[in-house]
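The values are calculated or read from the model by the stated rules, or taken from the named source; none is laboratory data. Keep in mind that what you see is a predicted model, and the values were worked out from it rather than measured. Cβ sites come from the backbone with ideal geometry, for glycine too, and all protein chains shown count toward neighbours.
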Amino acid sequence: LRANFSVIQKETGFVNGLIAVLHDITEQEKIDAERREFVANVSHELRTPLTTMRSYLEALADGAWQDEEIAPNFLEVTRTETERMIRLVNDLLQLSKMDSTDYKLNREWVNFVNFYHRIIDRFEMSKEQNVTFNRRLPDHAIFVEIDEDKMTQVLYNIISNALKYSPEGGQVTFSIKEREDKIIVSIADQGMGIPKENIAKVFDRFYRVDKARTRKLGGTGLGLAIAKEMVNVHGGAIWATSEEGKGTVISFSLPYERSEEDEWS
Ligand code: ADP
């Protein structure tokens, strides 16, 4: 709602009335504004690697290609930038698929405990940093109806951030909590954390706490936005808690009905 106020003043200067005109900003206007902002963001995100690549390619063409030390270095920069653009375009395609109205989930009943273990295993096998993994997962099965590919992506995006922002020798803790009608899945790290005033925004498209730093780490600013969309279509919610300098916990919920089978299998 937008309000315009006009003061009704008599010649004497006394104010004797106030007219308020209320404009309803329609849902459509809001969507249009968001779309414009999104396109501007995408253009900016693509232009940055492209202009970087152009200057490095120009330098190579101007003679740097003959320098045995500089040339491989410059080519490496253009390769990294190309990879960033590929990641960005893949993420954008992912989001645009989710925005379409005929978006469908391929839901199946999955034991979330085994599924979570498998994904953590994959990260544990391939991690290059000195980071310890702690698993606080129940021993019994927890069956939830999920789209495995989508949920893999959710966990992948959150866990890659946890590793990206973990300090040398840090710990990443994976947990599942069971509630009456849902489970809460959490990934906790001991990284630099997120300042309080930014915490709600990290799920927005293209939002980064520190643009320069996260660009260096290769982020697109879309990972958590994608995770949020995917958790929402599953009927869950996603949130972050964090203490600057101590670490971050990203949690999401999934609808769950406890059954006898879960307790015994
Ligand atoms: P990016 O690709 O930049 O990582 P994300 O959408 O995944 O984009 O995350 C958005 C921003 O939230 C990041 O740029 C970073 O500033 C912040 N962030 C996300 N996860 C963490 C974390 N575990 N620790 C600290 N900051 C984080």
Inset, instruction - Taking the options Arg135, Arg122, name whichever one is within 24 Å of Glu229 (Cβ to Cβ) and either assigned to a strand (DSSP E or B) or not β-branched (Val, Ile, Thr) (or both). - result: Arg122
Inset, instruction - Starting from region 207-225, keep only residues that are under 21 Å from Leu155 (Cβ atoms), then list their pairs with residues that are at pLDDT below 70 and near the ligand (Cβ under 6 Å from one of its atoms) whose Cβ atoms are within a distance under 6 Å, requiring at least 6 positions of separation or different chains. - result: Arg208/Thr214
Legend entry - Conditions (1) within 19 Å of Ser242 (Cα to Cα); (2) buried (at least 16 other Cβ atoms within 10 Å of the Cβ); (3) of a type in the set (S, T, N, Q); number of the one not met by Asn134: (2)
Inset, instruction - Determine the pairs where a residue that is within 16 Å of Lys182 (Cβ to Cβ) and within 16 Å of the ligand (Cβ to nearest atom), located within region 242-258, has a partner that is assigned to a loop (DSSP other than H, G, I, E, B) and not aliphatic (A, V, I, L, M) with Cβ atoms under 9 Å apart, the partner being 6 or more residues away or on another chain. - result: Phe252/His234; Phe252/Gly236
Legend entry - Of all residues in region 92-105 being in contact with a helix residue (DSSP H, G or I) (Cβ under 7 Å, 6 or more places away or on another chain) and not hydrophobic (A, V, I, L, M, F, W, C), the one that is modelled with the highest pLDDT: Gln94
Legend entry - Filter result for the condition that a residue is crowded, with 20+ Cβ neighbours inside 10 Å and touching an Asp or Glu at 6+ places or on another chain (Cβ under 7 Å), over Ala162, Ala141, Ala227: Ala162
Inset, instruction - Take the residues in region 172-197 that are exposed (fewer than 15 other Cβ atoms within 10 Å of the Cβ) and more than 18 Å from Phe252 (Cα to Cα), then tell me which one is nearest to the ligand (Cβ to nearest atom). - result: Pro195
Legend entry - Single match in Arg136, Arg122 (criterion: charged (D, E, K, R), touching a Ser or Thr at 6+ places or on another chain (Cβ under 8 Å) and away from the ligand (no atom under 16 Å from the Cβ)): Arg136
Inset, instruction - Give the residues of region 24-59 that are in contact with an Asp or Glu (Cβ under 9 Å, 6 or more places away or on another chain) and farther than 20 Å from Asp91 by Cβ, sorted by residue number. - result: Tyr56
Legend entry - Matching residues, region 147-169, being within 13 Å of the ligand (Cβ to nearest atom) and in contact with a Leu (Cβ under 9 Å, 6 or more places away or on another chain): Asn157, Ile158, Asn161, Lys164, Tyr165
Inset, instruction - Give me the pairs, please: first residue somewhere in region 91-112 and within 27 Å of Leu46 (Cβ to Cβ), second residue anywhere and of a type in the set (Ser, Thr, Tyr), beta-carbon distance under 8 Å, and either six or more positions apart or on two chains. - result: Asp91/Thr220; Lys97/Tyr103
